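Everything on this sheet refers to the single structure shown next.
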Amino acid sequence: MSETLKQVDIFTDGACSGNPGPGGWAAILRYGTHEMEISGSMPQTTNNRMEVFAVISALGRLKTRCQVTVYSDSAYLVNAFNEHWLENWQNKGWKNSEGKPVENQDLWRLLLLTIRKKGHVMRFQKVKGHADHPENIRCDALAKEAIQQYLRHNSDLGDPDHVVIVHSGD
């Protein structure tokens, strides 16, 4: 008898004030009519790290094995799976096409471990950033707010009302 997996949709976004700089990430998890929003921040990080960390954080909230569709405006994240970059990096000993160490491999390894540990069946879907996609717009706002909160609690880093936010979907 085959196992029926819960279908979970995860919408993610990451942002950074400077690149590197303080960063924010956000995710919306949706299962049927149930929805959860999560977000957070990190000091001195990059936008790409926030994009990957948003997925790690969202998957960490799932209690059972699921069929997951991740919707992201990050070509970096989506292409790593859909264009088989991750497989190639692993086959080359975590080296990129130029023979250099893959950036953010700590987070890529953690993401793969998180997926494998629960046995999630994953699908990654690219969405156009800032283009009337309601969940992407909401995640963007949550990620920006996470940065603002971080800066308010760490005022020595600058004025939280006057920061430039960098997005990978721009």
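The values are calculated or read from the model by the stated rules, or taken from the named source; none is laboratory data. What you see is a predicted model; the values in this text were computed from it and never measured. Cβ coordinates were reconstructed from backbone atoms using ideal geometry, including for glycine residues, and neighbour counts include every protein chain displayed.
Within the stretch 143-163, identify whether any single residue is modelled with pLDDT of 95 or more and of a type in the set (D, E, K, R), and answer yes or no.
Checked the stretch 143-163: at least one residue is modelled with pLDDT of 95 or more and of a type in the set (D, E, K, R).
Can you tell me which of S72, S97 is farther than 26 Å from G23 by Cα, touching a helix residue (DSSP H, G or I) at 6+ places or on another chain (Cβ under 8 Å) and among the small types (G, A, S)?
S97
Tally time: how many residues in the stretch 92-142 are of a type in the set (D, E), at pLDDT 95 or above and either under 28 Å from Q7 (Cβ atoms) or touching a strand residue (DSSP E or B) at 6+ places or on another chain (Cβ under 7 Å) (or both)?
Counting residues in the stretch 92-142 that are of a type in the set (D, E), at pLDDT 95 or above and either under 28 Å from Q7 (Cβ atoms) or touching a strand residue (DSSP E or B) at 6+ places or on another chain (Cβ under 7 Å) (or both) gives 2.
Kindly indicate the residue of the stretch 16-44 that is over 13 Å from the mean Cα position of the chain (by Cα) and of a type in the set (S, T, N, Q) and also farthest from Y76 (Cα to Cα) among those meeting that condition.
The selected residue is T33.
How many of the residues in the stretch 83-111 are in a helix (DSSP H, G or I) and surrounded by fewer than 14 Cβ atoms within 10 Å (Cβ to Cβ)?
3
Cβ contacts < 7 Å: first residue of a type in the set (F, W, Y), restricted to the stretch 76-104; second residue surrounded by fewer than 14 Cβ atoms within 10 Å (Cβ to Cβ) and not in a loop (DSSP other than H, G, I, E, B), any location; separation 6+ or different chain. Result?
Qualifying pairs under 7 Å: W94/P101.
Could you grab me the full set of residues in the stretch 1-36 that are closer than 14 Å to Q67 by Cα and of a type in the set (S, T, Y)?
S2, T4, Y31 - these are the residues of the stretch 1-36 that are closer than 14 Å to Q67 by Cα and of a type in the set (S, T, Y).
Is it the case that the stretch 132-147 has a residue that's assigned to a helix (DSSP H, G or I) and farther than 25 Å from R61 by Cα?
Checked against the condition, which is being assigned to a helix (DSSP H, G or I) and farther than 25 Å from R61 by Cα, the stretch 132-147 yields no hits at all.
Restricting the search to the stretch 62-75, which residues are under 10 Å from the mean Cα position of the chain (by Cα) and of a type outside the set (G, A, S)?
Matches in the stretch 62-75: V70, Y71, D73.
Do the conditions hold for L29, that is, is it closer than 21 Å to D132 by Cα and in contact with a Lys or Arg (Cβ under 7 Å, 6 or more places away or on another chain)?
In short, yes.
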